[in-house]
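As structure tokens, the structure follows; a few thoughts come after it.
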Amino acid sequence: MLLALLPLLVVDEIGLFLRADSMPDNVAREQLRLILLFFDVPPTLALTAGGFIIFFVLLIWHLLQNDPWRFRPATLLWIPLQGAIWALPLLAMSMVFATTLLAVQTTELTLAALPPVDRLLVSLSAGLYEELLFRMVGIAVLHAIFVDAMRLRNSTGTALAILGTALAFAWYHDPIATPALGVFAFIAGLELGLVFVWRGFAVAVWTHVLYDIAVTML
């Protein structure tokens, strides 16, 4: 997973360092930055810390599981390909909601006015940080509450964790102002949660990133 995400992490960190002033804020990244600033992390480091957090979490996860250090190149290529496959239902669903979502002009016009490189960086940032917040952290925390604390069955706890993070993902996209966007985000959150549980964090990130690239670039 770490090797499959490494190109995204590197490009995102370089982009944040070189073009942070020209890119619109990503809410998930901004919340993480504020938390780190609260703990007196230097502002420059806090801006780029998300990528390093993902890197070290996956590395420590690897070490704690005592996994082997070898990998198969075919598997490394299969992860982004799975992301592309899982992104297709999201794109198809976005077309169903397109007529209603066209009423939400502000974000689309802002992104359309950005240079292509900034739109690409926004897509990478959204995929990485939102999956870190909602899937890696959110599902893990809710699963611990439902299964470890409340003693529910693992399958029940996992389903509730996916549902809970999908609801949080929908709320994050301001469903009160734009109900259609909230419904779309909820369904997308369900799919991304299932992808995270079934196929892993890296596939969920690639799914999110490739969907966002298709929307913002095309």
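Take residues that are more than 30 Å from residue 181 (Cβ to Cβ) and modelled with pLDDT of 60 or more and tell me which of the helices (runs of 4 or more DSSP H) falling wholly in the stretch 1-110 contain 2 or more.
Working: elements: 2-19, 27-38, 43-64, 73-101.
Where helices (runs of 4 or more DSSP H) fall fully within the stretch 1-110 and carry at least 2 residues being more than 30 Å from residue 181 (Cβ to Cβ) and modelled with pLDDT of 60 or more, they are 2-19, 43-64, 73-101.
Once the stretch 188-218 is narrowed to residues that are among the β-branched types (Val, Ile, Thr) and at pLDDT below 95, the residue that is surrounded by the most Cβ atoms within 10 Å (Cβ to Cβ) is 216. For residue 148, the requirement of being modelled with pLDDT of 90 or more, acidic (Asp, Glu) and either open to solvent by less than 40 Å² (accessible area, probe 1.4 Å) or assigned to a helix (DSSP H, G or I) (or both) is met. Summed over the stretch 166-218, the residues that are within 12 Å of the chain's Cα centre (by Cα) and of a type in the set (S, T, N, Q) give a count of 1. Screening residue 120 against (1) in contact with a Ser or Thr (Cβ under 9 Å, 6 or more places away or on another chain); (2) open to solvent by 40 Å² or more (accessible area, probe 1.4 Å); (3) over 22 Å from residue 9 (Cβ atoms) leaves a single unmet condition, (3). Scanning the stretch 157-183 for residues that are surrounded by 16 or more Cβ atoms within 10 Å (Cβ to Cβ) and either among the hydroxyl-bearing types (Ser, Thr, Tyr) or not in a helix (DSSP H, G or I) (or both) yields 158, 165, 172, 173, 175, 178.
Let's see how each residue does on (1) in contact (Cβ under 8 Å) with a residue 40 or more places away in the chain; (2) under 13 Å from residue 193 (Cα atoms):
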{"site": "118", "(1), (2)": "yes, no"}
{"site": "123", "(1), (2)": "yes, no"}
{"site": "130", "(1), (2)": "yes, yes"}
{"site": "139", "(1), (2)": "yes, yes"}
{"site": "147", "(1), (2)": "no, no"}
{"site": "153", "(1), (2)": "no, no"}
{"site": "160", "(1), (2)": "no, yes"}
{"site": "163", "(1), (2)": "no, yes"}
{"site": "166", "(1), (2)": "no, yes"}
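The values are calculated or read from the model by the stated rules, or taken from the named source; none is laboratory data. The shown structure was predicted, so the numbers you read here are calculated from the model rather than taken from an experiment. Neighbour counts run over all protein chains shown; Cβ positions are idealised from the backbone, glycine included. With ligands, DNA and RNA removed, areas are computed over all heavy atoms of the protein, side chains included. Shrake-Rupley method; radii C 1.70, N 1.55, O 1.52, S 1.80 Å.
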